[in-house]
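Taking it in order: structure first as structure tokens, then the write-up.
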Amino acid sequence: MEMAERDPIELIREQLNGIEGLTGLHANHERFKKWHEDTKTILEKAFSPKSIHCQSFLALRFQEMGKTPFASPEIEKINALRYKKDLENVKNILHGAIKELTLDRTLFKKIQTTPKTVEVFIKGEYFISSGISDAEMLKAIESAFDGSGLSPIYGAHDVQKGESIRHRIDQIRRARFGIYDLSAPEKTEVLLELGIALGLGKDFTIICKKGSPLPKVIKKLNRIEYENFSDLTEKFKKLDKF
């Protein structure tokens, strides 16, 4: 891991964007726990452990009851509702934190009380192209990187939210590498994203279902051809991306 100086506003925005990828998980999921720990660290460094933003964030439990030997579908349902509600609550907390940092810089320049940069340990992020939206496929990719400290950025979420292509360019630029599925060549947005990555000189991995028709120019590039999702996970684990 490397230590880096980052703008806390930018970091908090990244944590906000990461909430989309936490939908449908639970408070004990490894991806959620990493996101939670990173968010806590950023808020503590941007403000202080006793700040209202940090305390409000820590007050969110994301579940009503912990795991017990008597866990039941009813308890799981209650916890899922609490988890969903607190994901919405945390958006308000992070938006409030961004607002304070922004006001502190614009209105109180001479007596700024919050830092312009904070030191954070970062492992990095990887970009998942907009052509990958199938839940099982996403799970297959994410499980390959579980425990690596790398966080996914989802291109498909940007398309669904109507984000500009400039936003996606920024995501591809900041990611350590990208994953581009060319199993369906008619998804031209994926080819556009891959072209952006090539233009920026970013590391990339092309994947496709075995037997998929590929453009001639793509056939010259290295790729992962997979038979099923478990095969895809295993082949990703063998890549030197860590």
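The values are calculated or read from the model by the stated rules, or taken from the named source; none is laboratory data. Bear in mind that the values here come from a model prediction, so they are computed numbers and not experimental data. When we count neighbours, we look across all protein chains shown, and the Cβ atoms used for this are built from the backbone with ideal geometry, even at glycine.
Please verify whether residue 14 is within 14 Å of the chain's Cα centre (by Cα), under 16 Å from residue 100 (Cα atoms) and not in a loop (DSSP other than H, G, I, E, B), treating the condition exactly as stated. Taking the combined requirement at face value, the residue does not satisfy it. Residues in the range 100-132 that are at pLDDT 85 or above, surrounded by fewer than 15 Cβ atoms within 10 Å (Cβ to Cβ) and hydrophobic (A, V, I, L, M, F, W, C): 103 only.
Could you tell me whether residue 232 is surrounded by 13 or more Cβ atoms within 10 Å (Cβ to Cβ) and over 21 Å from the mean Cα position of the chain (by Cα)? No: the conditions fail for residue 232. Taking the criterion of being in contact (Cβ under 8 Å) with a residue 12 or more places away in the chain and part of a helix (DSSP H, G or I), the residues of the range 192-212 that qualify are 192, 193, 194, 196, 197, 200. Of all residues in the range 24-47, exactly one satisfies the criterion of being loosely packed, with under 14 Cβ neighbours inside 10 Å and of a type in the set (S, T, N, Q), namely 28.
Kindly provide the set of residues from the range 216-229 that are loosely packed, with under 11 Cβ neighbours inside 10 Å and either of a type in the set (Gly, Ala, Ser) or assigned to a loop (DSSP other than H, G, I, E, B) (or both), ordered by number.
Restricting attention to the range 216-229, the residues satisfying the condition of being loosely packed, with under 11 Cβ neighbours inside 10 Å are 216-217, 219-220, 222.
The answer is 220, 222.
Can residue 155 be described as under 13 Å from the mean Cα position of the chain (by Cα), more than 30 Å from residue 52 (Cβ to Cβ) and modelled with pLDDT of 85 or more? Give the steps one after another, and end with the answer.
Working: under 13 Å from the mean Cα position of the chain (by Cα): yes; more than 30 Å from residue 52 (Cβ to Cβ): yes; modelled with pLDDT of 85 or more: yes.
Yes, satisfied.
Just to be sure, is residue 67 of a type in the set (Lys, Arg), modelled with pLDDT under 95 and closer than 18 Å to residue 100 by Cβ? Spelling it out, it is not the case that residue 67 is of a type in the set (Lys, Arg), modelled with pLDDT under 95 and closer than 18 Å to residue 100 by Cβ.
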